[in-house]
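Notes follow the structure.
The values are calculated or read from the model by the stated rules, or taken from the named source; none is laboratory data. No experiment lies behind these values; they were computed from the predicted model shown. Note that each Cβ is placed from the backbone with ideal geometry, even for glycine, and that neighbours are counted across all protein chains shown. SASA here: full protein model, heavy atoms, side chains in, ligands and nucleic acids out. Shrake-Rupley method; radii C 1.70, N 1.55, O 1.52, S 1.80 Å.
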Amino acid sequence: MRRKQSAIQLKSVEQIRKMRAAGLVVAEGLAEMTAAAVPGASTADLDRIGRAVLARNGAVSSFLGYSYPPFPAVICSSRNEAVVHGIPRDSEVLAPGDLVSIDYGAILDGWHGDAAVTVLVGNPSGPDNARTADLIEVCRASLWDGLAAVKVGGRLTDISHAVETSVRAAGDFGIVQNYGGHGIGTEMHMEPHILNYGKPGRGPDLVSGLTVAIEPMLTAGSPHTTELDDNWTVVTADGSWAAHWEHTVALLEDGPWVLTAQDGGRAELAARGVQISALAGG
Ligand code: MG
């Protein structure tokens, strides 16, 4: 049977370079917002930084005005039991030991970049925060294990399987099933949808020119989620805390290029035995 490949937008090298430019805006903004996610800061403060970074770079938000009701901010800020799609608020002030996921998208010259980080606010150590720190790190590592599976000759669910295998090996965490990664390019959300779990060797072929966002979402408890009546914020059903990490990656003939990572993914992928594309440069 022929595999359905036609709905997926493949990009030229020139187009991937444009997506890299958008990806670097996202990386710059997330680095600034990570540094600013300290006790006493509000999630609206983070959103204002996100807006300033877009303006400075001549980029526009992928998120602002998105869907219905129109998303009102340039970041999704999802604190503690919020998983994704949280709305930044002046009244939501970060406290030591909170975690906050910051999801940020930029459009530059018509091309999108999309990435997310999760920050442990105040970086406290000790047993009270160990489970939170673990949750964040297991999620981050599972993203990179998923990115390491983006190889020419592979299949889409190799990525899903790599994320799940990474999480299962790390302990007892919930993998959120209602949301996942996605194709990205001239739109933020495109085909294909990428689950964060499942058997390998299925779905579309991984081919040169593919650009996708991979985004594991993990909980410290049940994987089940529910949506708040703001019609956006997704929270865990059991109140357990959740982490979320994301990168946009392009696949080239000679390897992946993590477009929203400052170093193109070089260090994390080398640690997993994967060399990034020469297109990423020295
Ligand atoms: Mg995304």
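Points worth noting:
- Residues in the stretch 6-44 that are touching a residue at least 24 places away in the same chain (Cβ under 8 Å) and either closer than 22 Å to Ser77 by Cα or over 21 Å from the mean Cα position of the chain (by Cα) (or both): 23 in all.
- From Tyr197, Tyr179, residue being more than 16 Å from the ligand (Cβ to nearest atom), surrounded by 17 or more Cβ atoms within 10 Å (Cβ to Cβ) and of a type in the set (Phe, Trp, Tyr): Tyr197
- From the list Leu30, Leu24, the one residue that fits, being aliphatic (A, V, I, L, M) and open to solvent by less than 50 Å² (accessible area, probe 1.4 Å), is Leu30.
- Scanning the stretch 102-129 for residues that are over 16 Å from Glu28 (Cα atoms) and either part of a loop (DSSP other than H, G, I, E, B) or at pLDDT 95 or above (or both) yields Asp109, Gly110, Trp111, Leu120, Val121, Gly122, Asn123, Pro124, Ser125, Gly126.
- Test for Gly201: is it without any contact (Cβ under 8 Å) to a residue 60 or more places away in the chain and not aliphatic (A, V, I, L, M): yes
- Output for the stretch 146-159, where each listed residue is touching a residue at least 60 places away in the same chain (Cβ under 8 Å) and either crowded, with 23+ Cβ neighbours inside 10 Å or part of a strand (DSSP E or B) (or both): Gly146, Leu147, Val150
- Hits in the stretch 225-280 (condition: part of a strand (DSSP E or B), polar (S, T, N, Q) and open to solvent by 60 Å² or more (accessible area, probe 1.4 Å)): Thr226
- Asp114 being touching a Lys or Arg at 6+ places or on another chain (Cβ under 6 Å) and either within 29 Å of Lys199 (Cα to Cα) or open to solvent by 20 Å² or more (accessible area, probe 1.4 Å) (or both): no
- When each of Ser91, Ser78 is tested for being modelled with pLDDT of 95 or more, over 28 Å from Leu279 (Cα atoms) and surrounded by fewer than 16 Cβ atoms within 10 Å (Cβ to Cβ), the lone residue that passes is Ser91.
- Number of positions in the stretch 160-176 that are open to solvent by 60 Å² or more (accessible area, probe 1.4 Å) and not polar (S, T, N, Q): 4
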